Structures are given as C-alpha cells and as structure tokens.
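As structure tokens, the structure follows; a few thoughts come after it.
The values are calculated or read from the model by the stated rules, or taken from the named source; none is laboratory data. Fair warning: this is a prediction, and the values are worked out from it, not measured in the lab. Cβ: placed from backbone, ideal geometry, glycine included. Neighbour counts: every protein chain shown.
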Amino acid sequence: EADIYQTPRYLVIGTGKKITLECSQTMGHDKMYWYQQDPGMELHLIHYSYGVNSTEKGDLSSESTVSRIRTEHFPLTLESARPSHTSQYLCASSEWVGELFFGEGSRLTVL
Amino acid sequence: AQKVTQAQTEISVVEKEDVTLDCVYETRDTTYYLFWYKQPPSGELVFLIRRNSFDEQNEISGRYSWNFQKSTSSFNFTITASQVVDSAVYFCALSEFSGAGSYQLTFGKGTKLSVIP
C-alpha cells in the first residue's frame with residue numbers, strides 16, 4: 001500500500017486567494033510529481049522533482065509553484081487562485097521508472 | 001516526441017464479459033517502458049503493470065492480461081470475466097529513458113470502463 005498523502009481532499013475558495021496543496025510521502029522516494037487532471041480525465045504533468053532543492057516545470061504550463069525542502073514533502077502553491085485553476089491535482093512519487101504511487105488527489109474549486 | 005493514444009473514450013460491458021482496452025504508442029527511442037494504471041471512482045491512480053521495450057512476453061495476472069506488440073506499437077489490456085469492481089478509468093502510459101535520468105511519463109487520455117451488473 002502506497003504511503004502518500006494529500007491535503008486537503010476538497011477545497012472551495014474565492015478568486016484571488018492564496019492556496020497551498022500539501023503532499024507528503026513516507027517511502028523515501030527521491031522523485032515526486034504533480035499532475036493536473038481535467039474533468040475530461042486527461043492527466044498533465046505540471047511539476048516534478050528528482051530530489052531536495054530540485055524542481056522542474058512539466059509539460060503543461062502552470063501558474064503554480066512548488067518547493068522541495070525535504071525529501072518527503074512537495075507542496076504546490078497558487079499565489080492568486082482563479083476559476084481557470086479549478087481542477088483535480090494529483091501528487092505522486094516514485095523510486096523506479098514509471099512506477100508512480102499516487103495520492104488520492106486534491107479537488108480544487110475556485111469561485 | 002512520445003505519444004500515447006487510447007482511442008476508446010468510454011466502454012460499457014455487462015458483467016462477466018471480456019473487454020480489451022487498446023493502447024497505441026509512438027516513440028523514437030529503442031529503450032522505453034509501458035504502463036497501465038487504474039483510477040477507480042475514489043480518484044487515486046493505482047499502478048497495474050510495467051513492461052520494458054525488450055520484453056515482449058505477454059503477461060497474465062489473474063483476470064488481467066496484457067499483450068505487448070512492438071510491430072504494431074500496441075500494449076493492449078484485457079480483462080476477462082469483468083466485474084463491477086473493474087469499473088474505473090484506465091490509463092496507458094509511456095516513459096522514454098533519458099541518460100539524464102528524466103523518467104517522464106506520458107499518459108494517454110484514458111478509457112472509462114463501466115461494468116454493468
């Protein structure tokens with residue numbers, strides 16, 4: 001069973017608010033990822049990290065930012081949320097190629 | 001650039017029927033990995049299988065089986081005697097190996113499977 005946790009599971013906020021989505025894993029994995037999932041199911045990589053103090057942007061441009069100060073923690077921040085940010089955000093970690101362990105996701109709604 | 005195509009957006013089957021989910025991929029690399037993930041209604045993606053490009057042997061795990069054919073760039077997934085618990089969105093994914101260690105996963109758009117009792 002994967003040990004990767006995301007909070008909050010659901011969040012409804014107003015436009016302009018700053019939010020942070022938390023992601024923690026207890027498996028000691030170096031690689032961590034954030035995916036954004038459309039209502040139509042498609043997954044887009046928005047950020048990834050291969051270790052502490054390493055962060056990169058993914059294929060889909062995102063106004064969010066991430067940090068990786070500790071191995072187990074990979075938070076995602078939106079400085080000023082907008083309705084276009086409404087989506088499901090999935091965090092994942094891995095040790096081996098492609099064998100990602102996913103959290104349950106954070107579903108964000110911006111009004 | 002790598003690409004994964006899952007042409008079936010939604011499939012509905014009656015319980016106990018067999019169902020095959022198609023996956024076609026594109027890559028210029030000779031070394032790559034293919035995957036299937038399951039996303040049940042709870043939202044969490046679950047890893048099902050990984051195959052490397054040098055291993056074309058088909059695999060069976062219980063009611064699940066995978067058919068990897070390099071000649072047609074396909075990695076299809078079959079569920080035998082489907083059950084209601086198989087209802088989920090299934091994603092096929094591809095990872096090219098990069099010498100820099102960039103194990104990037106490219107996902108297909110997913111196939112939503114509904115198994116009707």
Residue satisfying all of: in segment A:46-62; away from every other protein chain (no Cβ under 14 Å) and at pLDDT below 90; surrounded by the most Cβ atoms within 10 Å (Cβ to Cβ) among these: A:SER62
Residues in segment A:22-45 that are in a loop (DSSP other than H, G, I, E, B), more than 8 Å from chain B (Cβ to nearest Cβ) and either under 14 Å from the mean Cα position of the chain (by Cα) or closer than 17 Å to B:GLY43 by Cβ (or both): how many? 2
Just one of (1) more than 25 Å from B:GLY108 (Cβ to Cβ); (2) touching a Phe, Trp or Tyr at 6+ places or on another chain (Cβ under 6 Å) trips up A:TYR33, so point out which. (1)
Within segment B:29-65, take every residue that is facing chain A (nearest Cβ under 8 Å) and among the charged types (D, E, K, R) and give me the one that is surrounded by the fewest Cβ atoms within 10 Å (Cβ to Cβ). B:ARG50
Looking only at segment A:46-61, and only at residues there that are among the small types (Gly, Ala, Ser) and outside any loop (DSSP other than H, G, I, E, B), the one that is farthest from A:ILE4 (Cα to Cα): A:SER54
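Keeping to segment A:83-102, report how many residues are at the interface with chain B (Cβ under 10 Å from one of its Cβ atoms), in contact with a Phe, Trp or Tyr (Cβ under 6 Å, 6 or more places away or on another chain) and among the small types (Gly, Ala, Ser).
First, the residues of segment A:83-102 that are at the interface with chain B (Cβ under 10 Å from one of its Cβ atoms): A:88, A:90, A:92, A:94, A:96-102.
Next, only the ones that are in contact with a Phe, Trp or Tyr (Cβ under 6 Å, 6 or more places away or on another chain) stay: A:90, A:92, A:97-99.
This time we only want the ones that are among the small types (Gly, Ala, Ser), so: A:92, A:98.
The number of residues fulfilling the criteria is 2.
Hey, does segment B:9-25 have a residue that's farther than 20 Å from B:LEU113 by Cβ, within 14 Å of another protein chain (Cβ to nearest Cβ) and either in contact with a Leu (Cβ under 9 Å, 6 or more places away or on another chain) or buried (at least 16 other Cβ atoms within 10 Å of the Cβ) (or both)? Spell out how you get there, then give the answer.
Taking segment B:9-25 and keeping what is farther than 20 Å from B:LEU113 by Cβ, we get none.
Looking through segment B:9-25, none of the residues is farther than 20 Å from B:LEU113 by Cβ, within 14 Å of another protein chain (Cβ to nearest Cβ) and either in contact with a Leu (Cβ under 9 Å, 6 or more places away or on another chain) or buried (at least 16 other Cβ atoms within 10 Å of the Cβ) (or both).
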For residues that are touching a His at 6+ places or on another chain (Cβ under 8 Å), assigned to a loop (DSSP other than H, G, I, E, B) and either of a type in the set (A, V, I, L, M) or over 20 Å from A:ASP30 (Cβ atoms) (or both), tally how many sit in segment A:62-111. 3
